[in-house]
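K.L.:
One structure follows; several queries about it will come next.
The values are calculated or read from the model by the stated rules, or taken from the named source; none is laboratory data. If you're wondering where the values come from, they're calculated on a predicted model, not measured in any experiment. Using ideal geometry, Cβ is built from the backbone for each residue, glycine included, and neighbour counts are taken over all protein chains shown. The protein model used for the area step is the full one, side chains on, heavy atoms only, and it has no ligands, DNA or RNA in it. Shrake-Rupley method; radii C 1.70, N 1.55, O 1.52, S 1.80 Å.
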Amino acid sequence: MSASRILTVFRKDLKLGPRSPIFLYAVILPVLMTFVVQVAFTSLFEPAPRLGIVDQGGSELAAAAEALDGIAVSHPAGDAELRRLVEANDLDAGLVLPPGFDDDLRAGRQPELRFYIGGESLASTRVILTVTTLDLVRVVEGRAAPVEVVVEDFGGGTLPLSARLVPLIVMYALVMAGVFLTAFAVVDEREKRTLDALIVTPVRLGEVLLAKALLGFVVAVAMALVTLALNDALGGSPAGLLVTVVVAAAMSTALGLVFATAARNTQMLFALIKGTGFLIVGPVIFYLFPEWPQWIARVFPTYWFIDPLYRVALEGAGLGDVWWELLVALALTLAALGAVVALARRMEARLAAE
Amino acid sequence: MSGPAIEVDGVSYAYGDREAVKGISFKVAPGEVLGFLGPNGAGKSTTIKILTGQLPAKSGVARVLGRDVRRDDPEIQRHIGVCFEEKNLYEGMTAEENLKFFASLFGLKGVDTTRLLERVGLADRAKTRVAGFSKGMRQRLMVARALVNQPMVLFLDEPTDGLDPVSSKAIRGLIEEEARRGAAVLLTTHDMWEADELSHRVAFINEGQLYAVDTPESLKLRYGKRSVKVRARVGGEVVEDSVALDAEDTGERLKEAVAAEGLLTIHTEEATLESIFIQMTGRGLD
């Protein structure tokens, strides 16, 4: 084995990659899927409610509003500017805090609070800003809440659907790069007979396979991280996330090599992937249907990398919480590589006989 | 090296029950061009695959540059060049990139790809992607690629197949240059004229068996007729006559033929390689 020859083939593939449709699918589609999910289930195009505050007397309310998450606070120059911005729908609402507002409030003098609402703002935004403002007024006034709010989560403690779709998108990124890109890169060389030209040079078939695997692995790691970042699912443990992504990409790539060495041509590759695709993507369906018996997902080999990834990226788990699953994933990766060795021998014999 | 560059001794190979190569033996010396002639399915490609280390011989010994090709020995691949019949170039890369990529697989840096492309008449297309090349240009680039490591042994599979006369001539010139440089060349071709022109010796293979390995000249002498055919117009009719070259009156008869009025043509009746092949194997080359 020569690392230099492996890197030479890898560099060639990386250079030619952007001209391959599979490479483009592997890079573009996960981003596109994220975009679609964001549009369908979250508020990619809905910025946080925009509140303008004209504070004429250094009110604590303005500072308290600034500290809130999920509301974009700005400070127009004066009342007229605030009105203009709200009317132009550049702000959803505007608040004018007169001088001595806090003192009057605490003294029970009911100061005037002008609250402009943009006619084009969403009803939900208006409600959010109104309720938030009243809540802030009570905080500044120093009064306790008149009621105790008991929150009842109808989601049964599960993450929202947009979060539960993240494993599907990440799995897609891993499968496209690790499985498809790796396998297609090998089968393409075989079909175009360029593989014949490679193996009559000092390059061994094993080196070619490793170069293709390296390509799939690198793109799989990169796209998994990009997809997680785009979905705001980077968890709380960067090291844990990186290790989990690396294991996931390694297992995907090993599966890609199994397909690469088993398929003689593109048609056979697609048939193999179609035939076994459910075994690969099966576990992610269980995240979409939390009421299903979740233990069934463990039957699928890819569960052992996608579940740790889900827990680390979305539930804030650390490496210590998922090490067992990652070990199983590594064991399965080694088993897949064992199969690759046997299949590569068969492939070499077939190549010469073709 | 002093020994043969290629040495094949009793090599056999079978695809399942079908014997593709049946105990063939031959040698190719450095600087020698051996024309490997036979119809499709005769065993030519199988022999090349054995010699390039792609297929393991079932029996017998094959050596390239003194090394047993059965061993997984990159040292052999380092010194061979293979030009496939199929145009297996990287279409998305330029001519220059193809050559540089293959040079780097051999661990070679600073290979003069411009000179190589000049030799095959593609210097002005160095930066053009192969996808835009004609068949002839691809073939010339295939030959250039086979030469990127200055191989000591060249395997050329139908290097001029389907090419225009200018491209064919350029490639034939290259083959001769490589042989002069000292490379052993195993050339498979359907073009008997080309084999005759280029090969120091030719090997006839059919159904996995070698029928003859000899110089074209001695095969022609052995299998051709030692006579000339004279055609002349006599009294408005074309008359043909054959003059044996070994007869006592050969000189007289040739003088008469040349002096006769109405002489049209005089041809030797030397056998062609194709006719000898048919004579030996009972089948043609197509």
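K.L.:
If only one of B:91, B:75, B:97 is surrounded by fewer than 19 Cβ atoms within 10 Å (Cβ to Cβ), assigned to a helix (DSSP H, G or I) and within 11 Å of another protein chain (Cβ to nearest Cβ), which one is it?
P.N.:
Sole residue among the options that is surrounded by fewer than 19 Cβ atoms within 10 Å (Cβ to Cβ), assigned to a helix (DSSP H, G or I) and within 11 Å of another protein chain (Cβ to nearest Cβ): B:75.
K.L.:
Here's a follow-up. Select from region A:8-39 the residues that are within 17 Å of residue B:91 (Cβ to Cβ), among the β-branched types (Val, Ile, Thr) and either modelled with pLDDT under 90 or not assigned by TED's automatic domain parsing to the domain that holds residue A:201 (or both) and list them in ascending order.
P.N.:
Within region A:8-39, just A:22 meets the criteria.
K.L.:
Does residue A:101 count as in the same structural domain as residue A:60 (by TED's automatic domain parsing), over 13 Å from residue A:51 (Cβ atoms), more than 33 Å from the chain's Cα centre (by Cα) and modelled with pLDDT of 85 or more? Give the steps one after another, and end with the answer.
P.N.:
Details: in the same structural domain as residue A:60 (by TED's automatic domain parsing): yes; over 13 Å from residue A:51 (Cβ atoms): yes; more than 33 Å from the chain's Cα centre (by Cα): yes; modelled with pLDDT of 85 or more: yes.
Yes; evaluated as a whole, the condition is true for this residue.
K.L.:
State all residues of region A:187-210 that are within 11 Å of another protein chain (Cβ to nearest Cβ), assigned to a helix (DSSP H, G or I) and not charged (D, E, K, R); if no residue qualifies, say none.
P.N.:
A:194, A:195, A:197, A:198, A:199, A:205, A:206, A:208
K.L.:
Name every residue in region B:108-129 that is touching a residue at least 12 places away in the same chain (Cβ under 8 Å), within 14 Å of chain A (Cβ to nearest Cβ) and more than 21 Å from residue B:174 (Cβ to Cβ), in order of residue number. Quick ask: steps written out before the conclusion?
P.N.:
Initially, region B:108-129 is screened for residues touching a residue at least 12 places away in the same chain (Cβ under 8 Å), giving B:108, B:111, B:113-114, B:116-117, B:119-122, B:125-129.
Narrowing the set further to residues that are within 14 Å of chain A (Cβ to nearest Cβ) leaves B:108, B:111, B:129.
Across region B:108-129, the qualifying residue is only B:129.
K.L.:
Does residue B:233 qualify as being basic (Lys, Arg), surrounded by 11 or more Cβ atoms within 10 Å (Cβ to Cβ) and more than 38 Å from the chain's Cα centre (by Cα)?
P.N.:
In short, yes.
K.L.:
Counting only residues that are closer than 30 Å to residue B:75 by Cα and either within 14 Å of chain B (Cβ to nearest Cβ) or open to solvent by 10 Å² or more (accessible area, probe 1.4 Å) (or both), how many does region A:159-183 have?
P.N.:
Count: 0.
K.L.:
Now for a different question. Would you list the helices (runs of 4 or more DSSP H) that sit entirely within region A:1-111 and hold 2 or more residues that are within 14 Å of chain B (Cβ to nearest Cβ)?
P.N.:
Per the criteria, A:3-16, A:21-41.
K.L.:
Only one of these conditions is not met by residue A:233: (1) in a loop (DSSP other than H, G, I, E, B); (2) within 14 Å of another protein chain (Cβ to nearest Cβ); (3) hydrophobic (A, V, I, L, M, F, W, C). Which number is it?
P.N.:
That leaves (2) as the condition not met.
K.L.:
I would also like to ask the following. Considering each of B:259, B:244 in turn, give the residue that is open to solvent by 40 Å² or more (accessible area, probe 1.4 Å) and either of a type in the set (Val, Ile, Thr) or touching a Ser or Thr at 6+ places or on another chain (Cβ under 7 Å) (or both).
P.N.:
B:244
K.L.:
Residue B:63: within 14 Å of chain A (Cβ to nearest Cβ), surrounded by 17 or more Cβ atoms within 10 Å (Cβ to Cβ) and either assigned to a loop (DSSP other than H, G, I, E, B) or at negative phi (or both), yes or no?
P.N.:
No, not satisfied.
K.L.:
Let me ask something else about it. When you check residue A:232 against the structure, is it farther than 15 Å from residue A:22 by Cβ, in the same structural domain as residue A:324 (by TED's automatic domain parsing), open to solvent by 40 Å² or more (accessible area, probe 1.4 Å) and acidic (Asp, Glu), yes or no?
P.N.:
yes
K.L.:
Shifting gears a bit: Please pick out the residue among A:225, A:181, A:129, A:198 that is more than 26 Å from residue A:291 (Cβ to Cβ) and touching a strand residue (DSSP E or B) at 6+ places or on another chain (Cβ under 6 Å). Reasoning before the result, please.
P.N.:
On the way: A:225 fails: touching a strand residue (DSSP E or B) at 6+ places or on another chain (Cβ under 6 Å); A:181 fails: touching a strand residue (DSSP E or B) at 6+ places or on another chain (Cβ under 6 Å); A:198 fails: touching a strand residue (DSSP E or B) at 6+ places or on another chain (Cβ under 6 Å).
None of the others qualify; the one that does is A:129.
K.L.:
What pairs come up if the first residue lies in region A:53-71 and is free of Cβ contacts under 8 Å to residues at least 40 places away in the same chain, the second is among the β-branched types (Val, Ile, Thr) and open to solvent by less than 10 Å² (accessible area, probe 1.4 Å), and their beta carbons are under 7 Å apart, counting only those six or more places apart or on different chains?
P.N.:
A:62/A:53
K.L.:
Please verify whether region B:29-44 includes one or more residues that are within 14 Å of chain A (Cβ to nearest Cβ), under 18 Å from the mean Cα position of the chain (by Cα) and open to solvent by less than 50 Å² (accessible area, probe 1.4 Å). Even if it seems obvious, please write down each step before you answer.
P.N.:
As a first pass, look at region B:29-44 and keep what is within 14 Å of chain A (Cβ to nearest Cβ): B:41, B:43.
From the residues that got through so far, the ones that are under 18 Å from the mean Cα position of the chain (by Cα) too are B:41, B:43.
Filter once more, keeping what is open to solvent by less than 50 Å² (accessible area, probe 1.4 Å): B:43.
Yes, some residue in region B:29-44 is within 14 Å of chain A (Cβ to nearest Cβ), under 18 Å from the mean Cα position of the chain (by Cα) and open to solvent by less than 50 Å² (accessible area, probe 1.4 Å).
K.L.:
Restricting attention to region B:100-113, report how many residues are among the aromatic types (Phe, Trp, Tyr) and open to solvent by 10 Å² or more (accessible area, probe 1.4 Å).
P.N.:
Qualifying residue count for the region: 2.
K.L.:
In addition: Please tell me if residue A:211 is of a type outside the set (Asp, Glu), open to solvent by 10 Å² or more (accessible area, probe 1.4 Å) and assigned by TED's automatic domain parsing to the domain that holds residue A:7.
P.N.:
No, not satisfied.
K.L.:
Right, another one. State whether the residues of region B:18-28 include one that is within 14 Å of chain A (Cβ to nearest Cβ) and in contact with a helix residue (DSSP H, G or I) (Cβ under 9 Å, 6 or more places away or on another chain).
P.N.:
Yes, region B:18-28 contains at least one residue that is within 14 Å of chain A (Cβ to nearest Cβ) and in contact with a helix residue (DSSP H, G or I) (Cβ under 9 Å, 6 or more places away or on another chain).
K.L.:
What's the number of the only condition in (1) open to solvent by 50 Å² or more (accessible area, probe 1.4 Å); (2) touching a helix residue (DSSP H, G or I) at 6+ places or on another chain (Cβ under 7 Å) that residue A:87 fails to meet?
P.N.:
(2)
K.L.:
Taking region A:296-327 only, how many residues are open to solvent by 40 Å² or more (accessible area, probe 1.4 Å), closer than 12 Å to residue A:284 by Cα and outside any helix (DSSP H, G or I)?
P.N.:
Number satisfying all stated conditions: 1.
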